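Just below is one structure, and these are the notes that go with it.
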Amino acid sequence: MKKFLFGLAAAALLCLAVSCGRQENNAKYVFYFIGDGMGSTHVAATEAYLAQERGVIGMDPLCFTQFPVMGEATNFSSSNIITDSSAAGTALSTGEKTKNGMLCIAPDSTTQLKSIAYKIHEAGYSVGVMSTTPINHATPAAFFGHNIKRGNYYEIGKEIPETGFEFFAGGGLYHPKGKEGNEEVSLYDMIAEAGYTLAYGYEDFKAKQDADRIVLVQSEGAEDICPYALGRPEGALTLPQIVEAAIAVLERNPKGFFMMAEGGLIDWTAHSQDLAGTIFEILDFDQAIAVANAFYERHPKETLIVVTADHETGGIALGRGRGYNYDLTVIDKIKNTTAPTDVEKYMNDAQSIDSVNIQAHIGWTTFSHTGGPVPVWAKGVGADKFAARQDNTDIPRKICEAMGVAF
């Protein structure tokens with residue numbers, strides 16, 4: 001009997017040791033993906049499109065929807081049940097609520113809120129912030145900037161060189177010489193003078209990737225957003241390339257890294273109720289996550305990948321009018337066309353966005369955001385923390401906990 005009890009005690013101690021060991025196994029590499037405006041139904045439409053491409057009824061899973069952990073997050077701001085991107089970005093980066101229109105400033109309009117990107121950087125990790133939108137746009141800016149008005153792009157952009165973060169990337173910078181274009185020093189010059197290497201496009205990046213700190217944007221003089229995935233010109237900068245570039249820079253740090261990568265144009269296409277554009281932006285976002293997943297496969301015991309959204313845009317519904325009709329074959333008619341300058345039209349004005357929605361039997365309720373919760377997916381070290389109904393403010397706290405970084 002004594003031997004039996006001793007065996008039980010030994011087994012219990014072994015289990016406790018294993019349990020403690022798991023808790024001490026902190027994430028060394030963290031990928032934080034935010035699909036701006038991407039709700040569950042946007043994802044479902046994309047998966048249905050992939051199945052239809054194979055000629056079957058169903059939903060073919062994306063890379064991130066196959067992650068073993070799934071939860072959801074509420075996302076109201078301190079001022080509105082329907083959040084905007086700056087308030088949601090603030091919650092996702094600082095773990096604190098603020099008012100719509102404000103960026104990492106508390107509801108008292110005075111107190112600055114601290115992004116986990118700063119906390120993680122101070123703990124010795126390398127940090128990257130990237131998007132398909134301008135770098136000083138709401139969501140990426142929430143990881144480094146502070147302003148009572150999200151539209152003060154020049155003032156927000158001035159904080160980039162002050163961060164010391166190792167990697168930034170996006171389509172470009174909004175208002176690089178101020179809203180009126182009359183600032184003496186452009187944001188690009190300010191960033192370069194602070195010791196950052198500017199890379200214009202992926203090929204230029206590859207020639208400069210050994211630099212200590214890099215800001216990667218499109219070709220010099222190009223627009224300040226990355227081209228839309230639908231009809232994207234050859235050689236244009238993509239989010240999968242940006243994530244690859246970020247890994248190349250950030251993984252040089254033996255301590256590890258944290259990166260936030262935003263699929264920002266999902267939101268922009270959904271604001272236009274652009275079904276085809278939204279689907280292709282999500283596919284592009286998924287390819288970027290696949291780059292991170294390949295990294296995870298090389299470092300499965302050290303990597304955490306978290307995928308979520310800041311809010312849902314458009315109120316998309318898989319169904320329209322009466323009946324049970326749903327047909328995405330119309331997407332095939334436009335997917336190889338050149339993306340229009342005017343997002344209201346496709347195929348040389350022959351196919352309007354709304355006619356695509358009607359033919360596909362897709363409904364939309366708004367040209368703005370909606371107030372429903374958004375999905376959360378996770379994989380890797382600490383992923384189980386995200387398998388719950390949670391608030392968006394909980395996500396950055398859990399990331400810090402997974403990394404062993406004080407929040």
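List of remarks:
- When GLY157 is tested against (1) surrounded by fewer than 16 Cβ atoms within 10 Å (Cβ to Cβ); (2) under 22 Å from GLY264 (Cβ atoms), only condition (1) is not met.
- Total residues in segment 113-124, condition surrounded by 19 or more Cβ atoms within 10 Å (Cβ to Cβ) and part of a loop (DSSP other than H, G, I, E, B): 2
- Screening CYS20, CYS15, CYS63 for residues that are within 30 Å of ASN253 (Cβ to Cβ) and modelled with pLDDT under 95 leaves exactly one candidate, CYS20.
- Number of the exception - LEU92 against (1) assigned to a loop (DSSP other than H, G, I, E, B); (2) within 27 Å of ILE289 (Cα to Cα); (3) modelled with pLDDT of 95 or more; (4) touching a helix residue (DSSP H, G or I) at 6+ places or on another chain (Cβ under 8 Å): (1)
- Selection within segment 129-152 - among the β-branched types (Val, Ile, Thr) and either over 20 Å from ALA261 (Cβ atoms) or assigned to a loop (DSSP other than H, G, I, E, B) (or both): THR132, THR133, ILE135, ILE148
- Against the conditions (1) touching a helix residue (DSSP H, G or I) at 6+ places or on another chain (Cβ under 8 Å); (2) more than 22 Å from HIS369 (Cβ to Cβ), MET102 satisfies every one except (2).
- Count - residues of segment 274-321 that are under 18 Å from ASP36 (Cβ atoms), surrounded by fewer than 21 Cβ atoms within 10 Å (Cβ to Cβ) and among the small types (Gly, Ala, Ser): 1
- The one condition from (1) within 21 Å of the chain's Cα centre (by Cα); (2) among the polar types (S, T, N, Q); (3) surrounded by fewer than 17 Cβ atoms within 10 Å (Cβ to Cβ) that THR139 does not meet is (3).
- Where a residue in segment 146-166 is among the aromatic types (Phe, Trp, Tyr) and its partner, wherever it lies, is surrounded by fewer than 21 Cβ atoms within 10 Å (Cβ to Cβ) and not in a loop (DSSP other than H, G, I, E, B), with Cβ under 8 Å and at least six apart: PHE165/HIS121
- In a residue-by-residue description of segment 101-112, the property of being crowded, with 24+ Cβ neighbours inside 10 Å, hydrophobic (A, V, I, L, M, F, W, C) and under 18 Å from PHE257 (Cα atoms) applies to no position.
- Residues that are outside any strand (DSSP E or B) and aromatic (Phe, Trp, Tyr) were ranked within segment 177-219; the one that is nearest to the chain's Cα centre (by Cα) is TYR202.
- Some residue of segment 227-234 being modelled with pLDDT under 95, on the phi < 0 side of the Ramachandran plot, buried (at least 20 other Cβ atoms within 10 Å of the Cβ) and among the aliphatic types (A, V, I, L, M): yes
- Exclusive hit being in a helix (DSSP H, G or I) and either touching a residue at least 60 places away in the same chain (Cβ under 8 Å) or not aliphatic (A, V, I, L, M) (or both), set GLU223, GLU297, GLU234: GLU297
- Checking ASN325, ASN253 one by one, the residue that is surrounded by fewer than 16 Cβ atoms within 10 Å (Cβ to Cβ) and in contact with a His (Cβ under 6 Å, 6 or more places away or on another chain) is ASN325 and no other.
- Those residues of segment 38-69 which are outside any helix (DSSP H, G or I) and buried (at least 16 other Cβ atoms within 10 Å of the Cβ), in sequence order: MET38, GLY39, MET59, LEU62, CYS63, PHE67, VAL69
The values are calculated or read from the model by the stated rules, or taken from the named source; none is laboratory data. Note that the coordinates shown come from a computational prediction; the quantities given were computed from them, not determined experimentally. Note that each Cβ is placed from the backbone with ideal geometry, even for glycine, and that neighbours are counted across all protein chains shown.
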